[in-house]
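See below for the structure under consideration.
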Amino acid sequence: MTRGPHDIDALRARLDSTRGRQYWRSLESLAETAEFKEFLHREFPQNASEWLDPVGRRSFLKLMGASLALAGVSACTRQPTEAIVPYVRQPEELVPGKPLFYATAMPMSGAGMGLLVESHEGRPTKIEGNPDHPSSRGATDVFAQAAILGLYDPDRSQTLTNLGEIRPFGTFAGAARSILASQRPSQGVGIRILTETIASPTLAAQLRGLLAQYPRAKWVQWEPVGRHNGREGSRLAFGEYADAQYAIEKATVVLSLDADFLCAGAAGLKHARGFASRRRVEGDRTQANRLYAVESTPTSTGSRADHRLPLRPSEVEGFARALAAQLGVSAGAMPMVPDAAAQWIAPLVKDLQAHRGQSVVIAGEGQPPVVHALAHAMNDALGNVGATVVYTQTAEAQPMNQLSGLQELVGEMYAGTVEFLLILGGNPVYTAPADLNFAVAMQRVPVRAHLSLYEDETSALCQWHVPEAHFLEAWSDVRGDEGTVTIIQPLIAPLYGGKSAHEVIAAIADRERSGYELVREYWSRETGLSTQPPAPAPAPVAPTAGRGLAPANASQPAPAGNAARAVAGGQAAPAPQAVAAAPVPLVSPFDREWRKWLHDGLVPNTAFAPRTLLVAGNVAAAPVAGGLPASGRATGLEVVFRPDPGVYDGRFANNAWLQELPKALTKLTWDNAALVSPATAARLALVSGDLVELRQGGRTVRIPVWLAPGQAPDTLTLHLGYGRTRAGRAGNGTGFNVNPLRTTAALDILTGVELVKTGETYQLASTQDHWSLEGRNLVRVATAAQFAEDPQFARKMELQPINGLTMYGDFKNDGYAWGMTIDQNVCTGCNACVVACQAENNVPVVGKTQVLNGREMHWLRIDRYYTGDLENPDTYHQPMPCQQCENAPCEVVCPVNATVHSDEGLNDMVYNRCVGTRYCSNNCPYKVRRFNFLLYQDWNTPSLWLQRNPDVTVRSRGVMEKCTYCVQRINHARVAAKLDDRPIRDGEVVTACQSACPTEAIVFGNINDPNSRVARLKASSLNYSLLAELNSRPRTTYMAIVRNPNTDLEPAAASAAEEGA
Amino acid sequence: MAGSQEHPHDGAAGASEGALRMTPAVIAPGHTFESVTDKISGIVLTKRTPIGWFFGFAIAFAFLMLMNLTIGKLLLTGIGIWGNNVPVGWAFDIINFVWWIGIGHAGTLISAILLLFRQQWRTSINRFAEAMTLFAVACAAMFPLLHTGRPWLAAYWLLPYPNTMGLWPQFRSPLIWDVFAVTTYFTVSLLFWFTGLVPDMATLRDRAQSRAGRVIFGVLSLGWRGSARHWHRYEMAYLLLAGISTPLVLSVHSVVSFDFAVSVLPGWHSTIFPPYFVAGAIYSGFAMVMTLAIPLRKFYGLEDFITMRHIHNMTKIMLVTGMIVAYGYANEAFFAWYSANPYEGYMMSNRMTGPYGTLYWSLIAINAAMIQLFWFRRVRNNIGLLFVLSLLVNVGMWLERFIIIVTSLHRDFLPSSWDMYAPTRWDFAMFTGTIGLFLSLFFLFIRFLPAIAIFEMRTIVPQAKLQPEHHG
């Protein structure tokens, strides 16, 4: 590099030598010169870019060398004195090394999920489901599992800014209050509050209170992946907003109309649990349920279906109408349905009618309102209402037509009538329908403020940005899907001084108040209980103690009801009653309840009561959706928009766990892609990774395609949430933003899309490239009839019986023998276990290039296999943790004894001893071992240190690692059991994957105990080992799959498959 | 065997027709004790280093520096700079290890086994073949260490040293057997090589012009005076070392093959590996001797000492061992079919028709088809062609190890974990770097040590036949 003059004085001198008009032109031209540019780019004008300069580098190296040489001299100095202050008074229940569990809930998209959060010395490390909460029953989904990483995300916004300048919260509140004051005469006509779907009773009450003060202000909700269609469908059917609660556990025949009800949405966990209860091996096999899935894009639900029918999204409505007509519902115009679908209708109707009151029809959120209305009508006609379907009020506090609300808001912003736009959460600039041009409209609003976890696309266009407190940092409350309220209690003081929406509303409407006060005040008012203690005022539990990392108050051990599920460490603390039973109970009536609510993680008796609703006579009078001739094929392709299984609508784009999580069916990481069926791809001459341009109505999106077996023909699935530009370091530049195609008219389904090949390709990182079983007996399947005929079918698929191979006899161990079974009948591939494992075991994230290189680190992966016709395959999920072989092939080949067998049958990894020859991985038939090829752990980001599980080693470079059966949890249980002088009870050790599993597919325990659940399952005839012929004798075994097909439909399905092929 | 039945041969270069039919001698006629000694020691003791030597050494040294750079990068960043992944945990690292170890086999075979079988023709090639063995084993030995995730620990944790923790290596692991096999082999080869050098060191000491030469060769010659007692002890030691080395020729590569054979992986788990690996090792070793001998005799004018006889014999050994290797390939395919094991069957069909099928068929083309050319005397007499063919044999044997290691690993039992392997530029840097190390050492060797055993050559000149033979 040449060195030019880059002294500011020299530049100034040059400027001084110019005069008048020339001066300005000269400034511009000056700015163009290399010298000036260099000056601009030199953030530290002295020595900053010396490194790139050969002469400068030499002197730099000289200096560095001298500094390093002399560095030893300074070694004689003393270390600076740092005070370590122990607890003067040990907080009650806090025993270092023993985690505590707090009940809380995660609000998302208008519903909450009940959680128990593990806290180590005041820092939350792991999220579990709350077994007492009706919507989670101890399970969690991937988002809840990954939320803990979101809390510690170093890219979260950390400061309140006004036009980029850091400001205190008081300044913002003052500015907002003065705007509100100026709006008071006009009754707030210029005030608009835009939120996500709110399911917090307190926040809704606050907002309603604010609207009462400013009657002409408006509150608009916008949820990009909301229940828009379901809401309007219920209005169509009943004339009012209502939620349908499905009791899947009572249903024998389930029909899904493009609904991913087992995995998506707030009720997914509940549905999955209910579905599994009728499917699992230990369940009553004679009463197995049967699932029919009609879907336009392959989903986890469809992968568990006994019959699956891929239909173009626009054809689902026609199918629903045809089916409804057969079931005696007046279904309006009768469109034509494709042959394959037509063949379905008669057997399906017969099956549904044979199970009146024991069936259920569920419409997917992506389907238009009329399909929802038809589903309600069909349930009504089948007598399911009151049996498998119950109607309640909505979990969201203020159901409204969000789309029209948003359209109206944008219209007003364009018109210039909005003076102050307060956006609480969400990222509407990124998520709003493209035709609204939300970003442009918003900039016509004089004052814009955004409360958000991240300084995102919306924040960038707002003058004020307020960092939001994470739900693990703030007080709030939320309703679960079925109405149960959970008080959200913080686990940690806000890391970055964030504020909750409660606090922001209070601060601008009234004065700054803590979320704690606001939530308590609301509930005290609701319940009518006094917060005043009866006796002389005690010190009420103060919000957050002085220490930054101390857990918030009301710390409770794991609730007694959770004893079976909670990890042992949390149980050793005294029971809550003992806490309350202080010498003089000076607790107010409200506090007595409040403490119980916090402890249990729910407010009792808040679940919604069933409502009786009458289905309107002619629900399907509305014309066929979008004016489509559903009978004929629309020209071009159809597109369905779906939330991404990992990053959802984009809110989790910076969550590296979710980015690297292989999506359930495509196994893609770090990107989204346009899913296309193999036949359509062949017709369009596409292969996976081809970059295409999708055009519709002047809007275009560039995205690579990915071949997805089971995708409906001529249908592309586009996942939302990618292509973020201001997501953070993990999320920026991943994937492709498909929102530009998503308009108000086509939020879910877009037709007439033109696909243009660009000729370019894009590399997509998938963790499983091979989808065929190659005829191997890895997944063993039979129909119910075959199983009844031959219950031993799984054993008979063994390649070679292994017996008496050893001269020495089997090793006997009389103590615990840990083992696991995985029931493939109920595994939906939802991935909750994978993220749970990652969170529990400090599993690092490696990034897209490393995934491309086959170096992902997940200890537990879910293998996905297809069999049958590619256009509509049978899909199987096979979770693959370490098999903990009794004759482990990995152990004999390790030259340094770094992987050895414990006397309880665990295949232990000794990280300290491992030198990393990778021979164990080569010799592992299941390839479950993971190697730290590079330094994958982030050792440098302090906020991430807090997340790590202190019971699990953080592995460094060059070391092999793998699933340990959560040995740290076994040891916790062992300590607890030894203290009580008793053996570890069955169910006391719950592995991370097991506790997250919504369908309880994973069972873990002591196989030496014949009464343990795992031992009973292993005795089942469906139980088999993978690759048993290698005599590795895995401790993890699998349950063969028993399908329950409709014999009337099976030949039809087969012929349909032939047609498609 | 025909070594003693010398054909009178005037050495006229034009008599090629005759040369085609006659078995050439192990040494060209007309040489005496003195001419042999002058010729060989002259290469070392000359003051004028050929310009070509500098040129060749500079290239080799540049690659050696590339290797150092790669090792530096490797230690700082981790073996993730290579293309290895899960499932392909071993790739270029172990391919190169096995390749180099295999090359190292020819030296001992020539030195020890041919010595015991009293094959006179070994005399002029054994010295540099042994040196080649040492350098190849040195190149090979780097890989097992550097391929580990934490070489700074692997460097001593793989050795059974007493320690306060009472920790020992895991003796059931073939990698530990490797450590013993390779270190034993290196040690014995070094001793064998050095023992053979002692009389020649004395010759050089006596003839060296410079003081430095006299001192250095003097020290290295260990006080050799050429007395009958010295010769007696030398002969005994050399014979004993040959006896010790002989089983090593078979054992080292057998043990290396256990790295694979002991595993459960289809394509590795095979009882044919030990003999098949040993044959492959000798095959590739002779190819490397040939690759080195042809330029050496050309540039240093050693055609009189390394004659067509040597070339022919090496070619024949390559033909025999190459066909054993080809038989091994056939056997692998046969057992894959005959065992009716679906995993073995898939492994074989994947080798042949899978993504690495081209490499498999290249390997077959070289190691099974191309070597059939060695049947033809016309081919065996074509030095230029032989040089190319010997290079191709080395390529073929490298491919064999690639096929065995990568194609077995990349698609094993569970189709879900199947993946592809692609080397990175650091993989190539490390590989070419070790070639640089090997050639650098070899260039230094031919410049500073007698590349052909002087005293042994003296035993095969006609002059020596006048005296009672004391050595075969």
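Since every read-out is calculated from the coordinates, none of them should be taken as a lab result. Keep in mind that what you see is a predicted model, and the values were worked out from it rather than measured. Ideal geometry is used to build each Cβ from the backbone, glycine not excepted, and the neighbour counts take in all protein chains shown.
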For this session: Within the set of other residues whose C-beta is less than 15 Å from the C-beta of A:ILE802, count the net charge using Lys and Arg as +1 and Asp and Glu as -1.
Result: -1
Seminar exercise, completed: Checked against a 26 Å limit on the C-alpha separation, the offending pairs among A:LYS218/A:LYS499; A:LYS499/A:LYS848; A:LYS250/A:LYS667; A:LYS848/A:LYS927; A:LYS250/A:LYS796 are A:LYS499/A:LYS848; A:LYS250/A:LYS667; A:LYS250/A:LYS796
For this session: Sequence neighbours fewer than 8 away in the same chain don't count; with that in mind, list the aspartates and glutamates whose C-alpha is under 17 Å from A:LYS350.
Result: A:ASP306, A:ASP380, A:ASP1048, A:GLU1050
Exercise. Out of the stretch B:165-260, which chymotrypsin sites (Phe, Trp or Tyr not before Pro) are coil in DSSP terms and have no more than 15 other C-beta atoms within 10 Å?
Worked result: B:PHE171
Problem set entry | Proximal aspartates and glutamates relative to A:LYS962, as straight alpha-carbon distance under 14 Å, when same-chain residues fewer than 8 apart are discounted | A:GLU840, A:GLU856, A:GLU891, A:ASP908
Exercise. In peptide B:71-78, what is the residue-averaged number of other protein chain Cβ atoms found within 10 Å of each Cβ?
Worked result: 2
For this session: Would you list which lysines come within 18 Å of A:LYS98, measuring only between C-alpha atoms, while excluding same-chain residues fewer than 8 positions from it?
Result: A:LYS126, A:LYS978
Problem set entry | Gyration tensor (alpha-carbon) shape descriptor, the stretch A:218-344, a/c threshold 1.5 | oblate
Exercise. Using mean Cβ contacts within 10 Å as the protection proxy, how do A:919-927, A:170-178 order, highest first?
Worked result: A:919-927, A:170-178
Exercise. Over the stretch A:781-1043, what is the relative contact order in whole percent, taking alpha-carbon pairs under 8 Å and six or more residues apart?
Worked result: 32
Exercise. Based on the Cβ-Cβ distance of A:GLU408 and A:VAL975, what FRET efficiency does E = 1/(1 + (r/R0)^6) give at R0 = 60 Å, to the nearest 0.05?
Worked result: 0.50
For this session: Would you mind counting up the charge near A:PRO983? Only other residues with Cβ under 10 Å from its Cβ, with Lys and Arg at +1 and Asp and Glu at -1.
Result: -1
Exercise. Is chain B best put as rounded, prolate or oblate by its Cα gyration tensor, with a ≥ b ≥ c the root eigenvalues, rounded for a/c under 1.5, and otherwise prolate when a/b is larger than b/c, oblate when not?
Worked result: prolate
For this session: Whole Å is fine, so just give me how far the alpha carbon centre of the stretch A:744-781 lies from that of the stretch A:305-327.
Result: 23
For this session: Select from the stretch A:316-364 those trypsin sites (Lys or Arg not before Pro) which occupy a DSSP coil region and have at most 14 other Cβ atoms within 10 Å, ordered by residue number.
Result: A:ARG356
Exercise. So, in Å, what gap is there between the alpha-carbon centers of the stretch A:656-706 and the stretch A:783-860?
Worked result: 30
Exercise. Is the stretch A:761-882 rounded, prolate or oblate when judged by the Cα gyration tensor, a ≥ b ≥ c being the square roots of its eigenvalues, rounded requiring a/c under 1.5 and prolate requiring a/b larger than b/c?
Worked result: oblate
Seminar exercise, completed: Per residue of A:133-141, other chain Cβ atoms within 10 Å number on average 0
Exercise. Just in the stretch B:97-182: which trypsin sites (Lys or Arg not before Pro) are loop by DSSP and have at most 15 other Cβ atoms within 10 Å?
Worked result: B:ARG118, B:ARG172
For this session: Rank-order A:141-154, A:737-750 by packing density, defined as the average count of other C-beta atoms within 10 Å over each peptide's residues, highest first.
Result: A:141-154, A:737-750
Exercise. With the contact rule set at Cα under 8 Å and sequence spacing of 6 or more, what percent relative contact order holds for the stretch A:785-927?
Worked result: 18
Problem set entry | Mean Cβ neighbour count within 10 Å, used as a protection proxy, ranking A:695-706, B:158-169, B:261-272 highest first | B:261-272, A:695-706, B:158-169
Exercise. Cα convex hull of the stretch B:173-214: how many Å³ per residue?
Worked result: 54
Exercise. Counting only residues 5 or more places away or on other chains, whose amide H sits under 5 Å from the amide H of A:ARG611 once H atoms are built in the peptide plane?
Worked result: A:TYR391, A:THR392
Problem set entry | Part-to-part distance (alpha-carbon centres) for the stretch B:217-246 and the stretch B:292-322, which is given in Å | 27
Exercise. Helices from chain B with mean Kyte-Doolittle at least 0.5 and a Cα length along the axis of 20 Å or more, per DSSP H: which?
Worked result: B:51-77, B:123-146, B:174-207, B:228-261, B:273-299, B:383-402, B:425-448
Problem set entry | Proxy reagent accessibility, fewest Cβ within 10 Å first, across B:GLU400, B:GLU456, A:GLU473 | B:GLU456, A:GLU473, B:GLU400
Exercise. Listing B:MET348, B:MET323 from the residue with the fewest other Cβ atoms within 10 Å to the one with the most, what is the order?
Worked result: B:MET323, B:MET348
Exercise. Over the stretch A:228-386, what relative contact order in percent results from Cα pairs under 8 Å that are six or more residues apart?
Worked result: 31
Problem set entry | Neighbouring partner chain Cβ atoms per residue of B:82-94, average, 10 Å criterion | 6
